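Shown next, in structure tokens, is the structure this report addresses.
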Amino acid sequence: MRALIGVLLGVLAWCGPALAETPADCRVAENQIETSFSLPRVTKALAAKHLDILVMGAGSSMLPGERSASHAYPARLQSALAEKFPGVAVKVTADVKAGRTAAEMVRVLKPALMASKAALLIWQTGTVDAVRSVELYQFNASLEKGIAIAQTSGADAILMNMQYSPRTESMIALGLYNENMRWVALQHEFPLFDRFSIMKLWSDLGTFDLYSATKKLDTAERVHDCIGRLLADLIFETAKPGGKQPPEIR
Amino acid sequence: MNEKPRIATTVPAERDLRLDLFRGIALWLIFLDHIPSNLVSWITIRNYGFSDATEIFVFISGFTAAFVYGKSMQERGFVVSSARILKRAWQIYIAHIFLFAIYLAEIAYVAQSFDNPLYGEEMGILDFLRQPDVTILQALLLKFKPVNMDVLPLYIILLAWFPPMLWLLLRNASLALVASAGLYAAMWWFGWNFPSYPSGYWVFNPYAWQLLFVFGAWCALGGAQRLGRWLNSPIIVGIAIAYLVFCFSIALTWHIPRLGVFVPKLVNEIIYPIDKVNLDVLRIAHFLALAVITVRFVSRDWPGLKSQIFTPAIICGQHSLETFCLGVFLSFAAHFVFTEVSNSVLTQFLVSALGIVIMVATAALLAWYKSIERKGSGPRPPAIQADLAGGEA
């Protein structure tokens with residue numbers, strides 16, 4: 001269905017070159033945001049006007065160089081959330097290091113959650129595991145372990161999957177890792193931020209050119225900005241006060 | 001093996017065209033699935049249920065292997081037929097290494113030409129180019145396997161292990177099937193798999209997938225007839241349809257995440273993860289359901305099988321090794337076109353269609369070669385005739 005819509009929109013975009021002149025609008029991917037599950041601890045934190053978030057991630061959660069701290073998606077998420085929840089003190093801490101597998105992040109997860117006192121963990125993982133072809137069973141076990149740690153540390157969790165990278169698509173087998181992330185999220189009933197499908201849609205629609213070889217950071221920064229905004233949308237939709245009622249908390 | 005062994009099972013005389021047809025179609029689907037980000041791959045069965053074309057391919061390969069080599073083992077004995085099977089495994093190994101060379105060329109090109117600050121992490125896949133000594137050796141040992149190149153190594157292992165299995169199948173088919181299922185169960189119990197490089201295990205666990213291969217062989221050696229009574233029962237067909245509908249509705253929630261709320265938590269807990277590596281029971285069941293429906297509605301002597309519409313698929317199915325390898329190569333090439341030339345919707349359709357046309361044309365060329373070779377060397381002994389008529393195992 002998504003593909004069909006993609007085709008239709010793609011055809012539209014192709015027919016009307018004038019559309020290409022308008023600034024890239026990443027909201028075309030809004031439908032990719034899945035909001036069926038609740039984030040009860042975030043809702044509570046919002047009510048207390050104080051929301052701490054920990055982003056635990058690997059290389060695709062940062063940008064090269066010094067601007068990463070202000071332009072990668074964790075920083076963009078913080079400013080987008082501050083806009084959406086005026087009066088709430090939002091702080092996003094990024095624990096990000098290139099080349100880490102899910103298992104390696106699980107090892108540092110507990111102290112990082114404790115230090116940041118986060119009510120929400122955004123866990124970006126999958127790429128490094130796929131590149132190193134970590135055994136799926138082990139990958140799954142790491143995901144489950146990480147989620148359990150988040151819950152015992154008093155944080156909700158959002159899982160973020162891989163980037164869509166058209167050039168390396170035929171070289172990295174993301175498929176099974178991607179599926180397993182979705183399944184773990186479904187089983188434990190917490191949201192998956194489907195970065196892969198979102199970026200794929202952007203690429204299909206021409207929102208961003210993800211094919212070109214470049215050393216410039218402009219597209220990369222805009223992509224991160226959009227990811228930050230859509231993440232903020234997801235948090236807003238699932239946890240806004242007076243919105244969806246969370247199921248009873250045991 | 002001089003004395004004529006008492007053969008419990010008979011190998012059927014005439015090849016079932018349905019096998020070639022569905023294997024040909026499976027090869028096309030595998031090709032379409034292997035092209036990354038290909039819109040056309042939305043037509044392939046993996047989007048509508050749990051199993052995919054790999055199950056069809058492995059099952060039919062087991063069926064044809066038993067058909068071709070079973071006859072050979074009955075007529076010429078264990079040693080000769082085993083030698084043939086192993087020769088086939090060797091050919092597949094060569095084909096696999098050839099594909100690996102093409103993959104190396106592609107990845108080396110990308111390493112030289114692509115740079116993007118967004119994808120620093122993804123470029124980690126190119127790290128192995130820094131130590132080609134280790135990587136190439138591991139590839140020769142079938143431990144390092146690039147994306148989408150996992151089927152042939154599985155096939156090599158299945159064939160290498162097939163002679164004793166075929167021997168047992170010919171003596172006591174049901175015992176062989178039980179042994180195979182026992183191996184499958186032991187694999188789940190003990191967590192057996194083959195190791196991979198740089199880490200992890202094989203994507204298609206041979207201990208698991210052998211079950212489907214042996215089941216195919218068992219069906220070829222009379223099992224299909226024994227099942228015939230069951231296959232036509234309306235209850236079985238009803239269960240199969242119900243299960244396919246269930247799988248389809250679950251698959252829908254993968255594509256439209258918001259439908260996920262309608263799936264009870266208990267169902268999610270039971271079915272996930274649907275293990276492709278170890279050939280999950282849910283995947284086997286989905287394949288069996290598809291097979292039941294197919295056998296029910298496409299009978300062996302259905303006249304449509306002889307119609308020209310199906311000839312292209314049948315020809316591809318009869319030259320499965322060559323068509324498969326060509327398909328892997330063409331999917332690399334198609335991805336190259338998408339990244340270097342255009343990835344518009346129109347291109348995706350054209351490239352997908354062109355790929356299938358090339359596969360059919362190549363298979364037709366191979367069929368023609370075979371026919372002139374047969375004519376050129378005059379009449380042949382019946383055993384080899386059977387091999388030729390049987391086409392590729």
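The values are calculated or read from the model by the stated rules, or taken from the named source; none is laboratory data. On a predicted model such as this, the values are computed, not experimentally measured, just so you know. Here the Cβ is made from the backbone with ideal geometry for all residues, glycine too, and neighbour counts use every protein chain on show.
So here's what we get for this one:
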read-out: Single unsatisfied condition, A:Ile122 versus (1) more than 17 Å from the chain's Cα centre (by Cα); (2) at pLDDT 95 or above; value: (1)
read-out: Residue under evaluation B:Trp28, criteria (1) over 30 Å from A:Leu210 (Cβ atoms); (2) surrounded by 22 or more Cβ atoms within 10 Å (Cβ to Cβ), criterion not met; value: (1)
read-out: Residue match in the range A:113-124 (condition: hydroxyl-bearing (Ser, Thr, Tyr) and more than 10 Å from chain B (Cβ to nearest Cβ)); value: yes
read-out: Filter result (facing chain A (nearest Cβ under 7 Å), closer than 25 Å to B:Leu212 by Cβ and free of Cβ contacts under 8 Å to residues at least 12 places away in the same chain) within the range B:255-286; value: B:Tyr272, B:Pro273
read-out: All positions within the range B:33-55 that are assigned to a helix (DSSP H, G or I) and either among the charged types (D, E, K, R) or at pLDDT 95 or above (or both); value: B:Asp33, B:Arg46, B:Glu55
read-out: Restricting the range B:100-131 to residues that are more than 20 Å from A:Val128 (Cβ to Cβ) and either of a type outside the set (Gly, Ala, Ser) or surrounded by 16 or more Cβ atoms within 10 Å (Cβ to Cβ) (or both), the residue that is nearest to the chain's Cα centre (by Cα); value: B:Phe100
read-out: Test result for B:Gly378, crowded, with 18+ Cβ neighbours inside 10 Å, modelled with pLDDT under 90 and away from chain A (no Cβ under 14 Å); value: no
read-out: Qualifying positions in the range B:100-131 - out of contact with any helix residue (DSSP H, G or I) (no Cβ under 8 Å at 6 or more places or on another chain), of a type in the set (Ser, Thr, Tyr) and more than 7 Å from chain A (Cβ to nearest Cβ); value: B:Tyr109
read-out: Residues (surrounded by fewer than 22 Cβ atoms within 10 Å (Cβ to Cβ) and either on the phi > 0 side of the Ramachandran plot or touching a strand residue (DSSP E or B) at 6+ places or on another chain (Cβ under 7 Å) (or both)) located in the range A:42-55; value: A:Lys49, A:His50, A:Asp52
read-out: Selection status of B:Phe248, touching a residue at least 60 places away in the same chain (Cβ under 8 Å), more than 21 Å from B:Ala220 (Cα to Cα) and surrounded by fewer than 15 Cβ atoms within 10 Å (Cβ to Cβ); value: yes
read-out: Selection from the range B:132-148 of residues that are surrounded by 19 or more Cβ atoms within 10 Å (Cβ to Cβ), within 11 Å of chain A (Cβ to nearest Cβ) and touching a Pro at 6+ places or on another chain (Cβ under 7 Å); value: B:Lys145
read-out: Positions within the range A:198-213 being touching a Phe, Trp or Tyr at 6+ places or on another chain (Cβ under 6 Å) and modelled with pLDDT under 85, in sequence order; value: A:Ala213
read-out: Residue, farthest from A:Val131 (Cα to Cα), within the range A:164-181, restricted to residues that are modelled with pLDDT of 90 or more and within 7 Å of another protein chain (Cβ to nearest Cβ); value: A:Asn180
read-out: Condition check for A:Lys145: charged (D, E, K, R), within 9 Å of chain B (Cβ to nearest Cβ), more than 18 Å from the chain's Cα centre (by Cα) and surrounded by fewer than 18 Cβ atoms within 10 Å (Cβ to Cβ); value: no
read-out: Top-ranked residue of the range B:264-295 - restricted to ones that are of a type in the set (Val, Ile, Thr), closer than 24 Å to A:Phe37 by Cβ and out of contact with any Lys or Arg (no Cβ under 8 Å at 6 or more places or on another chain), ranked as surrounded by the most Cβ atoms within 10 Å (Cβ to Cβ); value: B:Ile271
read-out: Pairs where the first residue, in the range A:79-105, is away from chain B (no Cβ under 14 Å) and the second is among the aromatic types (Phe, Trp, Tyr), C-beta under 8 Å, 6+ apart; value: A:Leu81/A:Phe236; A:Lys84/A:Phe236; A:Phe85/A:Phe236
